[in-house]
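Coordinate-derived values only; no laboratory data. Keep in mind that this is a model prediction, so the values were computed, not measured. Positions of Cβ are backbone-derived with ideal geometry, glycine not excepted, and every protein chain shown enters the neighbour counts.
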Amino acid sequence: MTGIRLHAPAPGWAIDADVVVVGSGVAGLTAALRCTAAGLRTVVVTKARLDDGSTRWAQGGIAAALGEGDTPEQHLDDTLVAGAGLCDEEAVRLLVTEGPEAVRRLIATGADFDKTAEGEIALTREGGHHRRRIAHAGGDATGAEISRALVEAIRDGGVRFIEHALVLDLLTDAEGRTAGVTLHVMGEGQHDGVGAVHAPAVVLATGGMGQVFSATTNPAVSTGDGVALALRAGAEVSDLEFVQFHPTVLFLGAGAEGQQPLVSEAVRGEGAYLVDADGVRFMLGQHELAELAPRDIVAKAITRRMQEQGTEHMYLDGRHFGAEMWAERFPTILAACRLHGIDPVTEPIPVAPAAHYASGGIRTDLRGRTTVPGLYACGEVACTGVHGANRLASNSLLEGLVFAERIAEEITAAAPRVPGAAVPHPVPVTLPLPVAGARTRIQRVMTAGAGVLRSAGSLREAAEALDALHSDALAGGSDDTKSAEPGVESWETTNLLCVARVLVAAARRREETRGCHWREDHPDRDDTAWRRHLVVRLTPERTLDVRTTDTADFPPTADAPGSRK
C-alpha cells in the first residue's frame, strides 16, 4: 500500500455496508443488482445522477453472438484481430461465451432491444465485425435504454445509493485490506462535506478518463477518478497508452472542447460512406472491410487524409439512407446533427476523430480482482485483457456486463468478513492539488502531445509540461499561481494530472505503432520487442514505476500475481 491520499478533510460521517460500488453505468449497476440479490448490503456511489454515466451515451449497441450462424468463436476471432496481438485470449473467450446469456439476463431485467418483424432481436454490424451481432435499442439509443432498465431495477430493488458524490480514496484496515472509501457529497452540508462508506469489498466501475483531452465523446464526469484512486491505493494499472479515438465524431470546429456528439459506427454498419473533401471514398483499398475496418485503422486513415488535403475533417455520407431511415434508425444522431445546423438527409456529416475509450485501466484477473485485496474493478476503468491494443466496437457494454456478474459471484462466494477498523497511514502522504487553471492546461497538453498522432518529441514535451504542473503542486504553486483549495474541481484535476502522467509515461516507453497507439517515429508494429504489456504503479515517493510484462503473465490476481484462477 502506498499510503497516498488526496488532500482532503477527514470524514465527518460514515455508513456501513457489505459492498460499495462506485459508478452507475452498466458495470456498476449490474454488480450492485447481483450483490443485492445475494443478500449483501450494497451501496452505490455515483458522481452525478444514477443515469448520468457513460453508458447512457452509448449509441451503437452491445455485441454478442445472438444471430443465426454466428458463434462465440467467430466473435472471439474478430476481437483478437482488433486487439492487435495484446488481448488475453482466456479473458476474451470468457467474454464471448458468457456474453449471450448475460445479454438475455439484461433483457429479463427490463432492457427492451429493437426487434425484427419476426420478433427476433434486430442485429447490425459495426467496425471489425464480420457478422451482424450488435443488438441495439431505440435505433441509436442503446445505452440510454440499458441505463433506464438498470436504474429502474436499482430503485425497485431497495439498493441504497448516494448521488452527486465524488469518491476520494480507498480505506484500508491494519492488514492492508480494503475497508471502504471516502467520498465527498456535493451540495450537502459544508463545501467539503467528506464522509465514508465502510465495507470489506469495493467495486470500482467509474468509467473512463476522456476529459484528459480537450475534445472527447465522454461526459464531463469522466475524469479518471477510479484509476487515480487505485494508483494511490497501490494497485497496478496497465495499457493506459491505448486510448481509442472514435473515428466519426461530429466536427464542431477546431476550437471545440469538452464532450462532442458521437456519430455511431452503426451508421457505417448500415452502409454510410467515408469521403474526403473531393467526395472520394478513401477507405476503399485500405482494408478488406473498408469503412468497417477496426477503429484504429479508420481513425488513422482519416487523420492521414486530413493531413494530405490540409483539412480539419472528413465527411460521412449517408444521404442514400433517405429521411425515413434516418428518422427511424438513427433519431438521436439526426437530432444532434440538426441541432448543429447539419442535415444528414441532404448533406454529408463533417467528422473527425476524438478521444473515446480507454482500452487500459486497473489490472484485474478473470474475476475482477485487483492487486489490492478486497478491491475490484470492472467496465472501462478496468483492464481485464479483453481489449488489447484496440477495443472492438460494442464490446464495452458486454465487458461491463459479463465481468460485473463475475465480480458479484466472487464477492458472494467469499467468506463473510466484517471490515476491520479503517486506519490512516501513520504519516499520511497527500497528493498535492494542482495550481488553479491546470485542468485546461492538462487537456491541451495531452491533445497536442498524446493524441491520435504521437512521437518522441511530442511525448517529451507533454511529459515536461505535466511534470512542471506536478512540481508546482508539490511546491505549493509559484509567485503568480497558487495551489487550489480542496474541492471537486481541484480533486478532479488532481486525478486528471495523475492519469495523464501515467498515460504519457507508457506512451513514451512503447516505441512502436500498435492498435490505437500511433508513433510517427516508430510506424511499424514490433512483436519481437513489444508484444508485451506496460504496467505502472505509483510509489510511496509519488513517482511512477513502469515495467513490462509478458501477455502470459496478464492479468494478475490479488493472491498470486500471474496465476490464472
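Points to keep in mind about this one:
- Couplings 3J(HN,Hα) for segment 255-268, derived from phi with the Karplus relation 6.51 cos²θ - 1.76 cosθ + 1.60 (θ = phi - 60°), are x, 5, 10, x, 6, 10, x, 7, 10, 3, 4, 4, 4, 5 Hz, where x marks Gly and Pro.
- FRET E, pair Glu73, Leu474, Förster distance 51 Å, beta-carbon r, rounded to 0.05: 0.50
- Estimated from helices alone, the mean residue ellipticity of the chain at 222 nm is -10000 deg cm²/dmol (sum of -39500 (n - 2.57) over DSSP H runs with n ≥ 4, per residue).
- Length-normalised contact order for the chain - Cα pairs under 8 Å, 6+ apart - percent: 21 percent
- Between Arg460 and Glu489, the simple label model (points 7 Å from Cα in the Cβ direction) yields a spacing of 3.5 nm.
- Here segment 304-343 and segment 248-276 have alpha carbon centers that stand 7 Å from each other.
- Dipole axis of the chain (+1 Lys, Arg; -1 Asp, Glu on Cβ), positive-most option in Asn495, Leu150, Thr384: Asn495
- Förster radius 25 Å - calculated FRET efficiency between Glu409 and Glu90, Cβ distance, rounded to 0.05: 0.90
- Built amide H within the under 5 Å cut-off of Leu171, gap 5+: Ala179, Gly180, Val181, Thr182
- Segment 123-128 - phi-based ³J(HN,Hα) in whole Hz, Karplus 6.51/-1.76/1.60, Gly and Pro as x: 10, 10, 10, 9, x, x
- Remark on Val44: its backbone amide H falls under 5 Å from those of Val21, Arg160, Phe161, Ile162, a criterion applied only to residues 5 or more positions apart or on other chains, H modelled at 1.01 Å from N.
- Cβ-to-Cβ counts within 10 Å put Ser214, Ser455 in ascending order as Ser455, Ser214, the fewest first.
- Database remark: amide H of Thr430 closer than 5 angstrom to the amide H of Arg5 (H placed geometrically; neighbours at sequence offset of 5 or more, or on other chains; Pro and chain starts carry no H).
- Dipole axis of the chain (+1 Lys, Arg; -1 Asp, Glu on Cβ), positive-most option in Ile407, Leu29, Pro540: Pro540
- Here the simple spin-label model places points 7 Å from the Cα toward Cβ, and for Ala327 and Ala48 these points are separated by 3.0 nm.
- Table column - 3J(HN,Hα) (Hz), segment 323-334, Karplus curve with 6.51, -1.76, 1.60, x for Gly and Pro: 4, 5, 5, 4, 5, 8, 8, 10, x, 5, 5, 4
- Rel. contact order, % - alpha carbon contacts under 8 angstrom, at least six apart, segment 259-350: 29 percent
- Nearest-0.05 FRET efficiency for Ala220 and Thr311, computed from C-beta distance (R0 30 Å): 0.55
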